[in-house]
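All remarks here apply to the structure that follows.
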Amino acid sequence: MRASGGVCGRRGRGVDTGAVSYQKPRTQHDYRDLVWSLIPLVLICVVFAAVASQCSFSAHGPTRGNIPSFDLDAALQADAHTLSFPVRKPDLPGWTPNSGSRDTVTGTGGGDVSTVGFITPQGTYMQLTQSNATPDALAGHIEGARHAGGTQQLGDRTWSVYHQPGSEPAWVTDFGTVRVLIKGAGDSAAFDAMANAVDAAQPLVAK
């Protein structure tokens, strides 16, 4: 008996469908293909150029930004009129006032607070705070430290130094009816200049 015809036993051979895969030879690529391939690269370069245009380089380090305009005379005069303690305006040539605020120290030994800020000629910030709160309460409110860790003597006046690790030191002195706190990123000369200027200033006349 003859076996029936077919392809029995043939495995692993694919079936030829007759389809032909076509890929353009490299030699037939024209300039249009090149242009289309470069477009994504050009777009990336444009984005980087736009970002770079927003930045500037200075060989001498960061440049100082614009200092906000602040009317020191009007602010301290208003505080002298409103608050119950004498307010002083220090004479600090070359220093630029840039901010001011009022606050309240709550709890035992608390009171009202007047604060103004300055930018020194060296570009550092220094703060002047005047209050009828007790020295420890005021330092605890501003600096977070309620006990002095040392003193600084300038002329006849003693300043108590409060300092918390990781923060700027604060100097506090007692004028009798008002406590004065100075604090900031300035060097020792900046602290001395502000302390001496406040000591020499007379209280503003309330209007």
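Details
- Counted charge near T104, where neighbours are those whose Cβ lies closer than 15 Å (Asp, Glu -1; Lys, Arg +1): -1
- Computed 3J(HN,Hα) for region 145-152, one whole-Hz value per residue from the Karplus formula 6.51 cos²θ - 1.76 cosθ + 1.60 where θ = phi - 60°, is 10, 9, 9, 5, x, x, 9, 10, glycine and proline marked x.
- Note on S101 and Q164: their simple-model spin labels are 1.4 nm apart, each label 7 Å out from Cα toward Cβ.
- Shape call, region 73-205: gyration tensor on alpha carbons, a/c limit 1.5: rounded
- Using R0 = 30 Å, the C-beta based FRET efficiency linking Q122 and A206 works out to 0.35.
- Around P135: net Lys/Arg minus Asp/Glu count, Cβ-Cβ under 10 Å: 0
Here, each number is a calculation from the coordinates, and none is a lab measurement. Just so you know, these numbers come straight off a predicted model, no measurement behind them. Neighbour counts run over all protein chains shown; Cβ positions are idealised from the backbone, glycine included.
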